[in-house]
Structures are given as structure tokens and as C-alpha cells.
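The values are calculated or read from the model by the stated rules, or taken from the named source; none is laboratory data. These numbers were taken from a predicted model, which means no experiment stands behind them. Here the Cβ positions follow ideal geometry from the backbone for every residue, glycine too, while neighbour counts run over all protein chains shown. SASA here: full protein model, heavy atoms, side chains in, ligands and nucleic acids out. Shrake-Rupley method; radii C 1.70, N 1.55, O 1.52, S 1.80 Å.
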Amino acid sequence: MKYADVIIDIRNIRLDRTFQYIVPDELEEFIHPGVCVLVPFGRSKSLRQGFVIGLSDSPAVSEDKLKSVESIDKNKVPVESQLIELADWMKRRYGGTMAQSLQTVWPVKKVVKRRNSGNDNDGASNGRDDFSRPEEHSLNTYQQQAVDAFKEDMNNGMHRIYLLFGVTGSGKTLVYIEMIRSVLARGLNAIVLIPEIALTRQNIMRFSSQFGDRVAVLHSRLSEGERYDVCQRALKGEVQIVLGPRSALFTPFSKLGLIIVDEEHETSYKSEQVPRYHARDVAIARAKQTGASVVLGSATPSIDSILNARNGSYKLLQLPERAGGSLLPEVNVIDMRQELAAGNRSMISQTLCDKLQETLNAKKQAMLFLNRRGMAGFVSCRSCGNVIKCPHCDVSLHLHRDNSLRCHYCGYHTVIPSSCPKCGSRHIGSFKAGTQSVERQLRIQFPQAAIIRMDADTTRHKGDHERLLEEFASKKADILIGTQMIVKGHDFPDVTLVGVLAADLSLNGGDYSGGERTFDLLVQASGRAGRGDFKGEVVIQTYQPDHYAIKAAAAMDVGEFVKQELSFRSLMGYPPVKHMLLIRVTSQNEENALGVSKAITRVIAAIPEKKKLLMANPTEAVIAKVKDSYRYAIYIKADSIDDLIRVKDAVEKFALGAEKQKEFTNTRLVFDFDPIGIF
């Protein structure tokens, strides 16, 4: 007789352990690790869903105390045992319950109504069946060197992590395609991660032109039935390449050979749900389990990845030139303080207006990117550009509804000044603007221009991204206005002008990574210009033209930026020089939230390795109340991520033991390692 170790699908840390069940003889051949089962649990007469994570030949307790597995849940795709191992790693690394980790890696439900698997709606392309005869293309010297290095390692049985560092327009996708081709030739599969759903259409066209219907797409805007079909086709070997955002990482391939993380610097790879994992790190963990290779690609690699390339953890592959002979654009930095002094109070400088008119006269296209990151969260002077910062943490203070300014790292707070403490100007306050107001201004100044606005309001429904991008690609519009979604990976050959409005907003979002986010966005935005036969121009508008992130982005100098940014992070002890753990405490009772937060700090202070830790007192989260729940944040720094994992373990153990105490009632804890953004 067999006995199954089952995790019950209940998101309660007290029940985050295995329960043993008898496997009936008639089910024995069908039950293995990864199968979803229905079991009786507790006093309830209804059945609970559970996940089999192990089997044994002997019971852990007397058999008369064990219940039997009722049935297999046939509405789930079987999870490969490697994904269960991955879920266990994610639980130990990021916190939360095993059930939460399993739900993260668990494929979607089956639906009763099925479609033909070759249908457009199942997320797969309808390209040519013979993927071995792609459209002809040639690689330049640098591209070929990158591919050859990858193939040589593969031929020698080496599965490594590669950082593919290529300037915007250098043809990273062609390199990806050749790497995938070599993996498929060995009978292995590939996953390609992209940061945004908006990039899906363009990427699927590129990959399906090479590999036909062996390519499928997996993302959240597909229906559950469509996602289920893709998972089934992956399991059956009908699909060899799956492309999509973060969740595509968990495609149930049994012969995974390569994971590509395109635009690896993107913050959208960090999950906002428990477990708060980073797709880049989980991709590396999954590759280690399966013996696969990982390629991290970017024109603006993350500071973490650059350091890993420098210390030899990653192998660096470089593409220093644009493919096809096109040149990098000419970049102009406009000081908006001078525009204000000249009487121009609009968001569009005179230089950008003139260049927009030149572009329209030449029958070319322009993109205007409104950098909204950090908007309305900070207070600055429009006369001199000074930003009100925390004197202890060197990040901008966040404006709260009571007009107080607070640091979310250490809790420092002050009142909002009535004038700039640096120059005395009364032009001080939070920045407020949006894409709609920019669109209205453009329609007044350029009534003859066809304009498309692409933001959260215009892309709410399925297919909106693709429709708007197709309209712009087919030249049905002269100007495309948008937020971050328009600067990530798109390739429009007739775009010769890119304007960046409010370039410095992301510098002042109140978190340590503001400089990196700004540099990334500006370089990526600049890279949209001049990708065709005509030279491009970029206009960067800013109130802080002397900031090193702005200057390095204008020069597209990654090395200089990394030098300056690492100096800042070393001085302040920010990741990746040190590591940081955010513990967020949430409760519907404010006293409970604060009381639990203080109790946690006492637990951390009692850890033997406390001398290795630097902990701030609990402070209100930036958004202190959400859906009637109060939120407090505790930040801890350490040299080693392992020290912070031990902190997480100690706090989880404490919370489990104290769960029945009154102040812990309906109180939730969230752990976030090296957090991105503000909380």
C-alpha cells in the first residue's frame, strides 16, 4: 500500500505542512508527485483540493488514524515534479505558504468547452509547419560571436548564465533565435520571457516567422481555456517555445534547455503577490534544477547583473553596435528651469515643439513618453529643481494627505515647506500631469496631426495594446503618446523623434533605485528613435539636467552610470552592495498592526546574528491604509541574503507560535527581499 504526503490548498501558515493519506489500490498507478487530489479534511464533509508532494511505503502514524484520497482532480494539468521542487525553493527563499508557492507554479484550470488546438485563440501562432526553413537573415560579427560562444559551451556540456548586453537596436532577438535553434536541435524546449503583454504581438511575429506553430504565447489576458490548451500542448511536445511575461516561466516543459529573460532589468519581473519572487532569480533556480541555460538580455542591464558579470557568475556577451548600420540617435537635454524662466509653463519645451513640427513636415513619426514613475509622490522646486529629501537615507520624502513629508525607510517626517529651502522660490509642490493633458495640448498646437494615446485608460480591454500599436505601425498616426509601455522593445522604423517629458520624475519616487529606473527608461526611450534608414533625435526634458543618471543616459554611457550609482549605493548601504528585507504587517486594527510590528522587531533584535543586521523602527507604509487595512513596514539590511532569510525564518516561526494571540488575529505578514519601489 502507498501513502501520499499532501499539501492542502489552504493559505494558512498554521496548516502549511503535509498531511498523510492512504492511496486506494485503484488510484495507485495514477498518483505521483505533482498530481492534484481531492481529500477529506478536518470536520468538514466537503472535499478539499490538495497537492501530492511525496509518496511513501509506510504510514507516519497508525493507519486507523489516516483518511484515504477520494479522487484525482482531473480539472488540473499535472505539475512536473521539478515544478514542485521549484515551489518548495520559492517558499523557503521568499516566504509565504507552500500552497501559495504551488498556486504560483500551478497551471490553469481546464474548461469544458474546448477548441481545436491549432486555433488562433489557443495562444499559438499559425505560422509555417516546417520551422527548419526560416526566413533568411544574417548575423553581424558581434551577433555571430555571441551565438558561437553559446554553442561552444553547449557542445562542451556547459549550462551557464549569460548576460547579453547589447545597445538598443543591436539585434538581440536574432541572437535569441539562433540560440533557440541550437537548443531545439537537441530536442529541448525554450521559454522566452518578456516584460510586458504589450510586447507580445511583435515578439510572436518575430519568433513564429522562424519557428512556425511550435511557438505559443502564455499570459494573463488569455482565457483560462486558452492557457490550459497551451500547457497541454507543452506537455505533449506539440509546442517547443513558449513566450510571455513572468508567469510563462512556469510552463510545464519536461525537457527545458533554455530560458531567455528579455529586458532583464525590468521591474515588472518582480511579483507583487506572495511569494514576491523575481522572475530572473527563479529562472536561474529552475535552470539549475533542469540543467538548462539562462540568457539575460538588455541594453541597460540591472546593477545586480552587471556585478554578477564582473565577478564571473555570469558570462558576458556584448553587442556594441546597432544592427543594419543605423546610428544611435542625437540626444538633446532641455533644462525646464530655463523654460520656466522664459515664461513657458507648459510641459512641452520650445525645442520639442520645433522638432515635432519638423518631423510632421518630413512625414515621419514621433513618440512622446511621459515618465509618470514617482508622480505626485514628492515635492520639488520648479525654479531650481531642488527635491526635498530625507537627511538620513538620501531619498525623496513622500507627500502624505496631511501635507506631511515622510521617509518610508526610516520614518523621518517633516512639514511641507511653503517655499524652496534652497532658492526661496514659491514654485514648489508636487508634480501633477498626465497623458490626457499632453494630448489636449498637442491637439491645440498641431491640429493637423493624427495622435494616438496609449496608457492604462486606453488599454483596458483584451487586444487594445495590439490594436493601437498596429495603427501606429501602419502609419495611421503621426504621434504616439504614452507611459512606460511605449518605450519597451518596440521597433517602428519611421520614428525619427522621441520626446521624454518630465524625465526626472522617476528619480524622486522615494526609493533607492530611482537613479537606475531613470537611466533605464531614458536609454530605452531614446532607443526607439532612428531604428530605420533615417537618423533619430531625442529630446529629454528635465528639471535636474546635472544629475548623473540624466547625463549618463543622454550619452548612453552605461559604464559611467554604473560607476556613479554604485558609489551612491555603497555609501548608503543599498542593494546590491548590501541586501534589504521589507516585512510588511497588515491588519484591519491599527493597534494590532503596530503592536505586531513592534513584536517582530523584538524577535529580530534577539537573533544571535543581530550584529550583522541594521534595522529601522516600524513605520507607516507609504500607502498607510488600503481597503480598511492598516499597513506598517519594517526594513532590515544585511551584507548577506542568507542572514535575511534567517530573519524571515525566525519571524515566520514566531508568527506561527503567536497566531492565537489577540493582536495577531487577522494580521498578515509579507516578506519582500531587495524590494523594488515604495511600500
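What the table shows:
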item: Test: residue in the range 288-295 that is at pLDDT below 95, surrounded by 23 or more Cβ atoms within 10 Å (Cβ to Cβ) and farther than 30 Å from residue 552 by Cα; result: no
item: Lone unmet requirement of (1) closer than 20 Å to residue 494 by Cα; (2) touching a helix residue (DSSP H, G or I) at 6+ places or on another chain (Cβ under 7 Å); (3) in contact (Cβ under 8 Å) with a residue 40 or more places away in the chain for residue 451; result: (3)
item: Members of the range 438-480 found to be crowded, with 19+ Cβ neighbours inside 10 Å and of a type in the set (S, T, N, Q), listed by number; result: 459
item: Subset of the range 252-287 that is assigned to a loop (DSSP other than H, G, I, E, B) and of a type in the set (Gly, Ala, Ser) - its residue that is least open to solvent (accessible area, probe 1.4 Å); result: 271
item: The lone exception for residue 621 - which of (1) touching a helix residue (DSSP H, G or I) at 6+ places or on another chain (Cβ under 7 Å); (2) hydrophobic (A, V, I, L, M, F, W, C); (3) in a strand (DSSP E or B); (4) modelled with pLDDT under 95 it fails; result: (1)
item: Selection count, the range 631-669, where residues are of a type in the set (Ser, Thr, Tyr), farther than 21 Å from residue 575 by Cβ and surrounded by 19 or more Cβ atoms within 10 Å (Cβ to Cβ); result: 2
item: Residue tally, condition closer than 22 Å to residue 516 by Cβ and free of Cβ contacts under 8 Å to residues at least 12 places away in the same chain, over the range 632-679; result: 0
item: For residue 35: the one exception among (1) of a type in the set (Val, Ile, Thr); (2) touching a helix residue (DSSP H, G or I) at 6+ places or on another chain (Cβ under 9 Å); (3) under 25 Å from residue 256 (Cβ atoms); (4) at pLDDT 75 or above; result: (2)
item: Failed item in (1) in a loop (DSSP other than H, G, I, E, B); (2) crowded, with 20+ Cβ neighbours inside 10 Å; (3) among the aliphatic types (A, V, I, L, M), with residue 525 passing the rest; result: (1)
item: Test: residue in the range 303-310 that is acidic (Asp, Glu) and more than 30 Å from residue 250 (Cα to Cα); result: no
item: Subset of the range 18-56 that is more than 24 Å from residue 87 (Cβ to Cβ) and assigned to a loop (DSSP other than H, G, I, E, B) - its residue that is most open to solvent (accessible area, probe 1.4 Å); result: 43
item: Selected residue (criterion: modelled with the highest pLDDT) from residues of the range 57-87 that are open to solvent by 30 Å² or more (accessible area, probe 1.4 Å) and touching a Ser or Thr at 6+ places or on another chain (Cβ under 7 Å); result: 82
item: Filter result for residue 607 (surrounded by fewer than 19 Cβ atoms within 10 Å (Cβ to Cβ) and in a loop (DSSP other than H, G, I, E, B)); result: yes
item: Residue match in the range 540-559 (condition: under 30 Å from residue 366 (Cβ atoms) and among the aromatic types (Phe, Trp, Tyr)); result: yes
item: Within the range 203-227, considering residues that are within 19 Å of the chain's Cα centre (by Cα) and among the polar types (S, T, N, Q), the one surrounded by the most Cβ atoms within 10 Å (Cβ to Cβ); result: 203
item: Residue 34 under 41 Å from the mean Cα position of the chain (by Cα), among the small types (Gly, Ala, Ser) and on the phi < 0 side of the Ramachandran plot; result: no
item: Residue match in the range 502-514 (condition: outside any loop (DSSP other than H, G, I, E, B) and either β-branched (Val, Ile, Thr) or more than 27 Å from the chain's Cα centre (by Cα) (or both)); result: no
item: Residue within the range 141-157 that is part of a loop (DSSP other than H, G, I, E, B) and not hydroxyl-bearing (Ser, Thr, Tyr) present; result: yes
item: Residue that is nearest to residue 524 (Cα to Cα) [pool: residues in the range 146-160 that are open to solvent by less than 30 Å² (accessible area, probe 1.4 Å) and touching a residue at least 40 places away in the same chain (Cβ under 8 Å)]; result: 146
item: The range 562-586 residues that are free of Cβ contacts under 8 Å to residues at least 40 places away in the same chain, paired with ones that are open to solvent by less than 20 Å² (accessible area, probe 1.4 Å) (beta carbon under 6 Å, 6 or more apart); result: 577/569
